[in-house]
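The values are calculated or read from the model by the stated rules, or taken from the named source; none is laboratory data. Only a predicted model underlies this, so the values are computations on that prediction, with no experimental measurement involved. Areas reflect the complete protein model, heavy atoms only, side chains present, ligands, DNA and RNA absent. Shrake-Rupley method; radii C 1.70, N 1.55, O 1.52, S 1.80 Å.
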Amino acid sequence: MDLRTLPVSRRIALLVNALDGAVKTNKALATCADGDEMVEILLGASAKLGLGLTRRDLTQTPPIRDWIWFKNNDPLLTVGDAMPRYRQDKTNDSGAESAQQAPPEKKRFLGLF
């Protein structure tokens, strides 16, 4: 069966499933400077899988369209102080907690939190 004959949304779904667990590709996507670099990597993955996706397919079809948008822009809404969880609990090499710093002023959400 020629995968290029499938609808674009189905080919995108196949690409997303193929990326699940592809450590090397996911690291490359995570370290991209912008969305254009992501598209180049995804085009290469598409070619290896024989999906025949184009740049336009990738930039206009969710969820990859959304990944590219988030790589190029800041999120519309950030809950909390925007510090990744893995950095909140960071400890130094000796295993002790790092020096306590005054927590940054929290952003208020609609005056509720």
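Here are a few things to note about the model shown:
- Between residue 66 and residue 37, the contour length at 0.36 nm per residue exceeds the Cα-Cα span by 9.0 nm.
- Integer Hz, Karplus 6.51/-1.76/1.60 couplings in order for the range 62-68, x for Gly and Pro: x, x, 5, 4, 6, 4, 5
- Long-range HN-HN contacts of residue 51 with modeled amide H, under 5 Å: none
- Straightening the chain between residue 25 and residue 4 buys 5.4 nm, computed as 0.36 nm per residue apart minus the Cα-Cα spacing.
- With DNA, RNA and ligands ignored, accessible area of residue 36 (1.4 Å probe; Å², nearest 10): 100 Å²
- For the range 43-59, 3J(HN,Hα) computed residue by residue from phi via the Karplus equation (6.51, -1.76, 1.60; θ = phi - 60°) reads 5, x, 5, 4, 5, 4, 7, x, 7, x, 6, 9, 4, 5, 4, 5, 7 Hz, glycine and proline entered as x.
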